[in-house]
Ligand SMILES: [Zn+2]
C-alpha cells in the first residue's frame with residue numbers, strides 16, 4: 001500500500017481540481033440538507049415556504065415540490081433515512 005501521506009488521485013480528476021473549493025462553492029442545497037423526493041429519489045426538490053397569493057392559494061398538498069417527477073409531498077427522504085430500509 002502506498003500510504004505516504006498523499007491520497008490516491010482518481011483517474012479523470014485533473015491535478016488542479018480543488019476539492020475544498022468545490023465543497024465551499026455555493027450550491028443550491030447544502031450537503032447536510034440533501035433531502036430527496038420520496039417518489040423518484042431525485043435531489044432536485046424545492047421547498048414551498050410561502051405560496052404567493054395567500055394561504056388559500058395552495059394548489060397542491062405538500063410542503064415540497066419535485067422538479068423531476070412534478071410530485072408534491074410533505075416528507076422528503078432525509079439523508080439519515082437513506083440506507084435504513086426496514
Ligand atoms: Zn420526484
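For the pair residue 48 and residue 7, the difference between a 0.36 nm per residue extended length and the Cα-Cα distance amounts to 10.6 nm.
Extension gain, residue 18-residue 78: 0.36 nm per intervening residue step, less the Cα-Cα distance, totals 18.8 nm.
Rule-based calculations on the coordinates, nothing more; no lab input. Bear in mind that the values here come from a model prediction, so they are computed numbers and not experimental data.
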